[in-house]
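Undergrad: First, the structure itself, so that you have it in front of you.
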Amino acid sequence: MADLGVRCAGLALRNPFLLASGVWGESGDSLAGAWKAGAGGVITKSIGATPRPGYPNPTIETYERWGLLNAMGLPNPGIEEYPREIEAAQRAGATILGSVFAGDAGEFARLACRMEEAGVVAVELNLSCPHAEGFGTEVGSEPDEVERIVRTVVAAVKIPVIAKITPNTSDPAALAAAAEHGGAAAVSAINTLRALAIDVRLRRPVLSHGLGGLSGSAIKPVGLACVWQIYESVSIPVIGVGGIMRAEDALEYLMAGARAVEVGTAVTFEGIGVFARLARDLSALLDELGFARAEDAVGAAHAKP
Amino acid sequence: MRTIVRVTDRVAETPSTVTLRFPLETHADPGQFVMVWVPGDDELPMSLSYTSGGSKGITVKVMGDTSGRMQAIQPGTLLGIRGPYGNRFDLSPRRVLVVAGGSGAAVLAPALEAGVGRGMAAVVALGATRAPELLFKDRFRAMGARVEVATDDGSEGVHGFVTVVAERTLATERFDAVWTCGPEVMMRKVVDLARPHRVPVYCSLERHMKCALGMCDACAFGPYHVCVDGPVFPGDRVSGVPDFGTFHRDPSGRRVPF
């Protein structure tokens, strides 16, 4: 049995499969459920300064089993309310990473401090939501701004800071390098790809917000390319995200350079049992390919003699 | 994926509820719900009040702005339908007590129709604020069920809550199951009332929903998601959830009291 434990961003994870932000993470009971189901760690919904209802429905469109388009609009109960949800997940012993979103560096730092006080083991900065005015991609597309935000947060907290960067830009690796310069402990890539669906009978976009973000199998090759380039550009760990439905997908990300991965859309299509299955299948796959430890596969596709 | 349907019929059931019928061939089981998109407005989870055959239906009570506008929808209007989603009522019990409060009858009526079609017998405890608001009273009677009425203002049947009727009926008759839908405080009372009689209760719950796919967490209810683990829950399962009958989550995810 291959060892699935990985060290990433200063954290020791029991396996590489993290619950991606935005999935199941609004309530503490759900975070606890994902942990009990076998996730290596759970990332909260992105939390902001004040309660936010998100966009009106429809907020989601599905494509068979290959993709999911959403524009939830960053709904969240706000940082004042949210620590009680973290407490509930802590009672289950979960390894909890706190995701936050903000419009400027100072607010990112304040939110990260509150997350640290609430007891999360690391904070992930949402610099990449593709469909929220004033947040996400809008503050995370310029390397200088990414570096400034990361530096401000790193100065404010003791826990590791992870920058989740956007693929909706010409040079994601430059954003990762900026995060590294700012002192990030890791970068996660990618967030969803900006996307659109139209109902032809109604002659209008399906989502109330119009534009949304695409996730699922459809974006895996894009995520892999970003992780590949980032791995060659930075020395901090990379967390791979995008279309991980099977153990093979996860191993591709590890070989591209990721030390851990985030799983989201697969929970929608398969249920929370996906975490136990991915861990079991990855262990078997590593055995088959002769890797004693998941960590031994990290970056394995890069160096060819 | 969604189906765009054209509303064929609009029926005012009571002063506060309206049924909209539309063609939808997709199979649906009693207890399931659909996401109903009013283009340009919003998309809401609605229990199917008509589940059999190719003409499905929803029965809308005004709960907020969108449901209010939904009531005004006329035949010919286009709606987007996703689903059906969620689980269903188990139709195997031989004799059930149906406890319906207000618009809760909307999901219980098609379930009992399906049950009666398999030989089920039933007593229906039907409650409303006042006599004209008793939803599907004639529809339940047409199934051959005995309907016992309670109204808050005493304008028909027992003057008081429908739980009074449920309590009395449970004390004097034998049932294999209790089905209930209505205000959650009412359903919690029904679960408590049935416990000493050792009759299993099945509650149809309602929560704010966004994805309806078990992903977004909007309908988180203790360890469950109402959209995929429900909406029909055994009473012994929900009675262990602290939120049952007391809290729900608003669209931001904040726990707020009913």
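The values are calculated or read from the model by the stated rules, or taken from the named source; none is laboratory data. Computed from a prediction, not measured in an experiment: that's the story for all the values here. Here Cβ is always computed from backbone atoms with ideal geometry, including for glycine, and neighbour counts include all displayed protein chains.
Undergrad: Determine which single condition A:Leu68 fails, assuming it passes every other condition in (1) crowded, with 20+ Cβ neighbours inside 10 Å; (2) more than 14 Å from chain B (Cβ to nearest Cβ); (3) within 18 Å of the chain's Cα centre (by Cα).
TA: All conditions pass for A:Leu68, except number (2).
Undergrad: Those residues that are assigned to a strand (DSSP E or B), under 18 Å from the mean Cα position of the chain (by Cα) and either farther than 22 Å from B:Cys211 by Cα or of a type in the set (Val, Ile, Thr) (or both), I need them from the stretch B:25-79; list them, please.
TA: Hits for the stretch B:25-79 are B:Val34, B:Val36, B:Tyr50, B:Ile58, B:Thr59, B:Val60.
Undergrad: Here's something else I'd like to know. Go through the residues of the stretch B:208-223 one by one and say whether even a single one is under 21 Å from B:Ile81 (Cβ atoms), modelled with pLDDT of 95 or more and part of a helix (DSSP H, G or I).
TA: No - not one qualifying residue is present in the stretch B:208-223.
Undergrad: For residues that are assigned to a loop (DSSP other than H, G, I, E, B) and polar (S, T, N, Q), scanning just the stretch A:105-148, find the one that is nearest to A:Gly10 (Cα to Cα).
TA: Result: A:Ser128.
Undergrad: Suppose we filter B:Thr19, B:Thr8 for residues that are surrounded by fewer than 22 Cβ atoms within 10 Å (Cβ to Cβ) and either over 20 Å from the mean Cα position of the chain (by Cα) or modelled with pLDDT under 95 (or both); which single one remains?
TA: Exactly one residue qualifies, and that residue is B:Thr8.
Undergrad: Here's a follow-up. Out of (1) among the polar types (S, T, N, Q); (2) surrounded by 23 or more Cβ atoms within 10 Å (Cβ to Cβ); (3) at the interface with chain B (Cβ under 9 Å from one of its Cβ atoms), what's the single condition that is false for A:Thr62?
TA: If we test A:Thr62 against (1) among the polar types (S, T, N, Q); (2) surrounded by 23 or more Cβ atoms within 10 Å (Cβ to Cβ); (3) at the interface with chain B (Cβ under 9 Å from one of its Cβ atoms), just (2) comes out false.
Undergrad: Now, a different point. Return the residues of the stretch B:33-49 that are crowded, with 21+ Cβ neighbours inside 10 Å and either closer than 20 Å to B:Phe140 by Cβ or out of contact with any Gly (no Cβ under 8 Å at 6 or more places or on another chain) (or both); say none if nothing qualifies.
TA: Residues of the stretch B:33-49 that are crowded, with 21+ Cβ neighbours inside 10 Å, as a first pass: B:33-37, B:43-49.
Within the stretch B:33-49, B:Leu44, B:Pro45, B:Met46, B:Ser47, B:Leu48, B:Ser49 meet the criteria.
Undergrad: Among A:Glu248, A:Glu142, which is in contact with an Asp or Glu (Cβ under 9 Å, 6 or more places away or on another chain), surrounded by fewer than 22 Cβ atoms within 10 Å (Cβ to Cβ) and of a type in the set (D, E, K, R)?
TA: A:Glu248
Undergrad: Now, a different point. Just one of A:Arg293, A:Arg201 is among the basic types (Lys, Arg), under 30 Å from B:Asp42 (Cα atoms) and touching a strand residue (DSSP E or B) at 6+ places or on another chain (Cβ under 6 Å); which is it?
TA: None of the other options fit; the residue is A:Arg201.
Undergrad: Name the residues in the stretch B:143-163 that are closer than 16 Å to B:Val124 by Cβ and surrounded by fewer than 16 Cβ atoms within 10 Å (Cβ to Cβ), would you?
TA: B:Gly144, B:Arg146
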